[in-house]
Structures are given as C-alpha cells and as structure tokens.
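Step one of this worksheet: look at the structure below.
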Amino acid sequence: MRPRLSLLLLSLALFALGGVLSWPRPGEEEGMRPRRAGALPEMGVVVAARDIEYCGYRTPCGPGSRTDTIFYVRLRGGEARALAIPRDLYSPVVGGKINAAYARGGAELFKRAVAEATGLVVERHLILTLESVARVVDAVGGVEVYLERPMRYTDRAARLFIDFPAGRLHLNGEEAVKYMRFRHDALGDYARLDRIKGVVSQVLKKAQDPRTWPALALALREAWRELDTDLSLDEVLAYLPGVQGLRLSVATLPTREGRGTFLLVDEEARAQVLAQWMGMALPSSPPQVPVRLKGERSLILWGQALLAREGIEAQVEEAEVAQSAVYTKDLEAGSYFAELFHLPLLAPHGPVPGVVVELGRDLVQ
C-alpha cells in the first residue's frame, strides 16, 4: 500500500491519470503524446483546497478565496513527503492567518507564505475545489472510515449537514468532503488534518490501481477546469509511470499557541521534524521502540509473523481498522515499519506511544 493523493497527490497522481482522455488519436500531433520519463522529478508543491463562498444565507456563490486545507508536498524519486499546515497559522508575509494568503495575493503570495512557514522551497502550486475533491473520491469508489463516536454538526447558513453514526462507514465523495471538513471536536483543526491524511492515503492507493483509471480520467477531465495550477497536463502526463509506486509519508507542521486564535510556528520542533522528515533514511536495523499491531486477528497473526522475521515482538490489539497505515511521532522509526509493511506513514498530531501498525481489510481486497 504505497500511497497517495488528496488534495495533494490526490492531485499529481490523479491529474496524471486524467491524461487517459487527453491522449491524441492516430494522426494527431505526435508531440502531445505522454512520454515515459521514469520517476517523478524532485519538486516542492503546495496543494490546497478552497472553501465555499456564500453571498447570502444558504446561497453558495462558488469556490471561496480561503484555502482551509493546506499541504506542502515534496516529491523525490518514488517518495512523496507531505507536511500538513494548520489553517490558523500566523504568517508574517500575509499579516494574518495563512489561509488568507491566496485571497490577498493569489498563488504567488500563497507559495511565499508556505515557504516562510516550512523553511522549504515551493516551486509549484495546485489549488483544488471541494467539488473536484469529491469527484476524485467518487472515481476511486469512495473511502472507508471508522468513527469511535458519532460525528454531527449543522450549519444551516452554509447548508452543511454532517450526521455520521459511530462505527465503520463507506463514504462517497460528498460525504468524504464533509468528514474532512468537520473540526468540532476537542482537537479541532488538528484532528481534521489527521482525517484528511487518512483520506488522502486511501485515494492514492486506489488511484495506483489501473482499474480505477477510466473513472478517474472522466472525473479529472471535469475537475481540470476548476483548478488553479502552474502544472500543465502535458507535463504531468510525462511522469504517469512514476506515480504507481509512489510512497507517502505525512506529518503536521509543529505549532504553538499564539494570541487569540492564532498559531505560531514552533521553530525548535520544526527543525527536529524536518531533520527527520527531509533527511529520512531507513535505519539499518530494527528501531528499538515499542510496537503495537492493531486490527483483526488474522491480520495481526500475519503481522506478528512478519515482525518475528525481523526479531521484533509487538503488543497486539484486536480492533476495527478502516485503513492500513503506520502511525508514530518518530518519523525515522516509522519509515522502517512503513517500508517493512509497505504502508503509508501518517504522523498524527496527538501523542502516540512508539509505533502503531494498523492492519485493515484493505490489505486483502
């Protein structure tokens, strides 16, 4: 399970796939044909989703100017390393919250704000709409989630009605967008970013299956008109073969509380995260950290056998798991287990003791 997309890879990967409908028929210009250029080029891409603008009570006017979902994605060879950026982060170059950068100065100011916050180079941008995200999720057949408690929220003015029961759920595109927009719990935006990470990794995995490509191509042909990006379809098509083996790891930019509702970059913690995240290399021997396997009994037994070959003992927890992934705050150790199990590495905002390997039904589908 070597992830992908959302908003992010949801993009590069999926937009590459959109080329299926764009390939010329015999006799059309030869120079338009996709080329097998191998692995994706190294680049830093800011990927964001725009909120909805309302010009009156229950009256949506279309995509808004705020970018309430923001990811920095570094593509390097067969890897995509993503950094989730909280919407309430204060940006000096913007003079306000970073989610206002796109409205105040377009893509260029937005890229400058993300580069300032992360300390990383941003070469390209990809700005999505919520509708385009829903289309892509539908094209891959939806996503699976597991809720420990019901998720409910109503905003009548915005015509947003969220009412999901607890338990295992299969969400279509519209429902997945609602699930990702929800932030009315104890961790607020941080929990929302963690939910987005999970959806992104599921969509990327499904997008790497050629059987989803025809539906993706149809969805992307429509979605392409809604995007603001400096990536050309021609350019993306050239690297289509490199998307299939893409490995995903996602962390959250460390922040601390500021005045009012503002968040500030925690520079010391950011330096530690980036040192691991950008220079992440697989340890030569199993990391000495506690490991917990979580999932159905049959999958736990398989995971134990795999770890035993590495000389690793793990605690086990039989539980419902919606998607398979490795969760940890230790990115170096996480990279080892993500590679061992061929799973995405998703670093949550909240504390995680050691490394948790969640094994879901998606492994056997």
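The values are calculated or read from the model by the stated rules, or taken from the named source; none is laboratory data. What you are looking at is a predicted structure, and each value in this text was computed from that prediction instead of being measured. With ideal geometry, Cβ positions are generated from the backbone for all residues, glycine too; neighbour counts draw on all protein chains shown. For accessibility, only protein heavy atoms count, side chains too; no ligands or nucleic acids. Shrake-Rupley method; radii C 1.70, N 1.55, O 1.52, S 1.80 Å.
Things to note:
- Matching residues, the stretch 76-114, being in a helix (DSSP H, G or I) and open to solvent by 30 Å² or more (accessible area, probe 1.4 Å): 102, 103, 104, 105, 108, 112
- Condition met for residue 120 (in a loop (DSSP other than H, G, I, E, B), within 23 Å of residue 41 (Cα to Cα) and either open to solvent by 10 Å² or more (accessible area, probe 1.4 Å) or touching a residue at least 40 places away in the same chain (Cβ under 8 Å) (or both)): yes
- Out of 66, 36, 58, one residue alone is modelled with pLDDT under 90 and under 25 Å from the mean Cα position of the chain (by Cα). It is 66.
- Cβ-Cβ distances below 8 Å connect the following pairs, each with a first residue in the stretch 250-278 that is open to solvent by 30 Å² or more (accessible area, probe 1.4 Å), a second residue that is of a type in the set (Asp, Glu) and not in a loop (DSSP other than H, G, I, E, B), and a separation of six or more residues or different chains: 264/257; 276/332.
- Checking each residue of the stretch 209-222 against the condition of being within 28 Å of residue 155 (Cα to Cα), out of contact with any helix residue (DSSP H, G or I) (no Cβ under 7 Å at 6 or more places or on another chain) and at pLDDT 80 or above gives no match.
- When the residues of the stretch 139-188 are filtered to those that are surrounded by 18 or more Cβ atoms within 10 Å (Cβ to Cβ) and charged (D, E, K, R), the one that is modelled with the lowest pLDDT is 181.
- Being closer than 23 Å to residue 86 by Cβ and of a type in the set (Ser, Thr, Tyr) is a property that holds for residue 118.
- Some residue of the stretch 322-330 being within 25 Å of residue 81 (Cβ to Cβ), within 22 Å of the chain's Cα centre (by Cα) and surrounded by fewer than 17 Cβ atoms within 10 Å (Cβ to Cβ): yes
- All positions within the stretch 342-359 that are under 14 Å from residue 323 (Cβ atoms), in a strand (DSSP E or B) and touching a helix residue (DSSP H, G or I) at 6+ places or on another chain (Cβ under 7 Å): 345, 346, 357, 359
- Qualifying residue in the stretch 299-309 (condition: among the charged types (D, E, K, R), open to solvent by 70 Å² or more (accessible area, probe 1.4 Å) and not assigned by the TED database to the domain that holds residue 73): yes
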